[in-house]
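Participant: The following block contains the structure, expressed as C-alpha cells.
The values are calculated or read from the model by the stated rules, or taken from the named source; none is laboratory data. These numbers were taken from a predicted model, which means no experiment stands behind them. Quick reminder, even Gly has a Cβ in these numbers, built from the backbone with ideal geometry, and neighbours come from all protein chains shown.
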Amino acid sequence: MGFIGDLNKLNKQAKEIRKTYDPGAQMQDALGKMRELNESMEKANKAITDGVPGSAQVVTVGPTTGTMNFNPMMHVELLVTQQGGMPRPVSMDLTVPLQHMARVVVGATLPVMVSASDADAVAIMWDQPQV
C-alpha cells in the first residue's frame, strides 16, 4: 500500500482516538490539579511567613505528576515534628527543586517551617541542610 495506505491507517486511528477524547474533561482535570498546587503553595507561603522550625520525616513519596519550571511535582506524606510537639501526619503536593530530588526518599528527614496559625501549612526549607 505504501504512503497512501499509511495515511489511511493513521486517519482511522485518529477517528478512534476522537471517540474517547474529551478535551473538556482533560481541562477540568488540569484545573483541579492547578487548584491543588496553588493551595499547597499558599500553605507553604503561610508557613514561611509565620512559621516555627521543625523537621519532617518522609513516609511515602508518590510518583511524579508533572513538572513546573522543569522541577518535578509529587505528592508526599510526611510525619512533621515541631519543637516540644508530638509528630503528626501531613499530606502535601510539592514541587521539588531538581537538585534536591535525592533528598525526597522514604525515611529521609527534611527541615521544615510549620505555620503557627495553621498546623497543616508546612514549607520544606530546601536551602537548609538535611536533618
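Participant: Filter the range 6-54 down to the residues that are under 19 Å from residue 94 (Cα atoms), polar (S, T, N, Q) and modelled with pLDDT of 90 or more and list them by number.
Facilitator: Passing the criteria: 45, 49.
Participant: Shifting gears a bit: Could you say whether any residue in the range 13-36 is touching a residue at least 40 places away in the same chain (Cβ under 8 Å) and either of a type in the set (Lys, Arg) or closer than 30 Å to residue 107 by Cα (or both)?
Facilitator: There is at least one residue in the range 13-36 that is touching a residue at least 40 places away in the same chain (Cβ under 8 Å) and either of a type in the set (Lys, Arg) or closer than 30 Å to residue 107 by Cα (or both).
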